[in-house]
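Read the structure below first, then the notes.
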Amino acid sequence: MHVTYSRNVFIPLTNACRNACAYCGFRSSKPWIMSRREVESLLLEGVKHGCKEALFTFGEKPESNPAVGRQLHQWGYSNVLEYIYDLCLLALKHGLLPHSNPGVLTMDELKALKEVNASLGLMLENSSPRLCLKGMPHYHSPDKNPKLRLRTIRNAGKLRIPFTTGLLVGIGERMEEIEASLHDIAELHSRYGHIQEIIIQNFRPKKGTPMEACPEPSAYEMIWVIKLAKKLLPNIGLQIPPNLNPYKWGIYLLFGVNDLGGISPVTSDYINLPDAWPKVVEVESRLMPLGYRLKERLPIYPEYIARGWFSGELKPLIFKYADRDGLVIT
């Protein structure tokens with residue numbers, strides 16, 4: 001049996017975001033946005049270290065911050081999506097397949113980004129509107145409205161975009177809300193078949209945030225969610241971030257986890273800075289006694305390569321990297 005991962009370069013394009021989630025330690029009141037030169041420098045480092053994926057992540061509508069909006073206009077862009085489109089082309093030029101996490105999008109925005117991305121992602125986190133009420137973690141986060149997020153995921157299915165989503169466990173949700181959220185994802189996947197992986201991410205408290213004193217979910221809670229996700233979505237990638245579960249991820253494999261997400265040899269997990277990614281050789285050594293083999297994959301899963309769910313811009317790179325099973329040529 002094999003466990004997959006993606007060798008990527010993590011590009012935190014900007015820490016500006018119009019949401020203010022109670023657990024987020026990345027958003028800043030003093031925002032910055034990476035220049036094209038800074039992004040290209042990271043891309044080249046990624047190429048040097050054998051990366052195949054450029055992972056672009058940034059906050060929701062960062063141009064709503066005046067400083068970031070002004071900077072984008074100085075560079076000739078009216079919004080961050082125009083900028084990310086050009087950066088994805090830059091990544092492709094250097095031999096890296098983009099995967100972007102751009103937040104809530106319209107149908108037209110999804111169509112545009114499909115042309116230059118191998119896949120797209122948006123964490124549902126939870127589909128309960130209760131988490132948006134006063135005193136709850138998403139109260140100051142308009143784009144965490146579950147209706148908006150589910151609509152984006154639904155529209156991605158209509159457009160045949162290979163898609164990553166998932167849950168954030170431990171932010172004050174109830175078990176029945178977790179179950180309802182997984183059912184919502186499963187219903188969309190049954191209709192459109194586009195969910196290539198689901199991430200079960202555990203909350204980790206960040207210093208200086210309103211939720212810094214809140215406890216992490218227990219291993220028992222995580223196993224319960226993993227088993228339910230495996231039951232409701234049996235044939236898609238089930239991912240656990242190994243850096244957020246340094247002593248537990250091996251156990252979670254026994255309950256259905258089959259993917260470890262992005263592991264970068266170049267960059268940190270800038271969203272979870274204290275939690276460094278493990279080295280690939282360390283992961284391999286831990287998998288061997290369990291009877292698993294680590295296998296590199298692309299940001300587009302094999303099933304969607306076989307279906308041809310990608311644009312002509314991406315075809316040369318996908319065919320260059322993928323073996324006959326749709327995983328990375330070794």
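Within the stretch 296-330, if we keep just the residues that are surrounded by fewer than 16 Cβ atoms within 10 Å (Cβ to Cβ) and of a type in the set (Lys, Arg), the residue that is modelled with the lowest pLDDT turns out to be ARG324. Restricted to the stretch 252-330, the set of helices (runs of 4 or more DSSP H) holding at least 1 residues that are small (Gly, Ala, Ser) and more than 16 Å from LEU120 (Cα to Cα) comprises 280-287, 302-307. Scanning the stretch 288-298 finds no residues that are closer than 26 Å to LEU43 by Cβ, within 15 Å of the chain's Cα centre (by Cα) and acidic (Asp, Glu). Would it be correct to say that LEU228 is within 22 Å of the chain's Cα centre (by Cα), of a type outside the set (Ser, Thr, Tyr) and either under 30 Å from GLY308 (Cβ atoms) or not in a helix (DSSP H, G or I) (or both)? When the stated conditions are applied, LEU228 does not pass them.
Each row is one residue, and each column tells you yes or no for (1) of a type in the set (A, V, I, L, M, F, W, C); (2) closer than 23 Å to ALA229 by Cα; (3) modelled with pLDDT under 95.
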{"position": "LEU113", "(1), (2), (3)": "yes, no, no"}
{"position": "GLU125", "(1), (2), (3)": "no, yes, no"}
{"position": "ARG130", "(1), (2), (3)": "no, yes, no"}
{"position": "LEU133", "(1), (2), (3)": "yes, no, no"}
{"position": "ASP143", "(1), (2), (3)": "no, no, no"}
{"position": "LEU148", "(1), (2), (3)": "yes, yes, no"}
{"position": "ILE161", "(1), (2), (3)": "yes, yes, no"}
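For the stretch 231-242, residues that are surrounded by fewer than 19 Cβ atoms within 10 Å (Cβ to Cβ) and not in a loop (DSSP other than H, G, I, E, B) total 2.
Which residue, of GLY59, GLY46, is surrounded by 20 or more Cβ atoms within 10 Å (Cβ to Cβ) and modelled with pLDDT under 95? Exactly one of GLY59, GLY46 is surrounded by 20 or more Cβ atoms within 10 Å (Cβ to Cβ) and modelled with pLDDT under 95, namely GLY59. Set side by side, the residues ARG204, ARG154, ARG149 differ, and just one is farther than 15 Å from GLY103 by Cα and among the basic types (Lys, Arg), which is ARG204. Restricting MET136, MET107 to those that are touching a helix residue (DSSP H, G or I) at 6+ places or on another chain (Cβ under 7 Å) and exposed (fewer than 15 other Cβ atoms within 10 Å of the Cβ) reduces the list to MET107.
Quick check: is even one residue across the stretch 210-220 of a type in the set (A, V, I, L, M), in a helix (DSSP H, G or I), surrounded by fewer than 22 Cβ atoms within 10 Å (Cβ to Cβ) and in contact (Cβ under 8 Å) with a residue 12 or more places away in the chain? Yes, the stretch 210-220 has at least one match. Residues in the stretch 189-199 that are surrounded by fewer than 21 Cβ atoms within 10 Å (Cβ to Cβ) and assigned to a helix (DSSP H, G or I): SER190, ARG191, TYR192. Do you know which residues across the stretch 55-79 are within 18 Å of the chain's Cα centre (by Cα) and under 15 Å from PRO12 (Cβ atoms)? LEU55, PHE56, THR57, PHE58, GLY59, GLU60, PRO62 - these are the residues of the stretch 55-79 that are within 18 Å of the chain's Cα centre (by Cα) and under 15 Å from PRO12 (Cβ atoms).
Tell me, which residue of the stretch 27-37 that is in contact with a Pro (Cβ under 9 Å, 6 or more places away or on another chain) and surrounded by 18 or more Cβ atoms within 10 Å (Cβ to Cβ) is nearest to ALA91 (Cα to Cα)? Out of the qualifying residues, it is MET34.
The set of residues in the stretch 57-81 being under 15 Å from LEU113 (Cα atoms), in a helix (DSSP H, G or I) and free of Cβ contacts under 8 Å to residues at least 40 places away in the same chain consists of LEU81 alone.
When the stretch 155-177 is filtered for residues that are in a helix (DSSP H, G or I) and crowded, with 23+ Cβ neighbours inside 10 Å, only ALA156 remains. Of all the listed residues (CYS17, CYS51), the sole one being out of contact with any helix residue (DSSP H, G or I) (no Cβ under 7 Å at 6 or more places or on another chain) and not in a strand (DSSP E or B) is CYS51.
The values are calculated or read from the model by the stated rules, or taken from the named source; none is laboratory data. The structure displayed is predicted, hence computed values, not measured ones. FYI the Cβ positions are ideal-geometry reconstructions off the backbone, even for glycines, and counts take in every protein chain you see.
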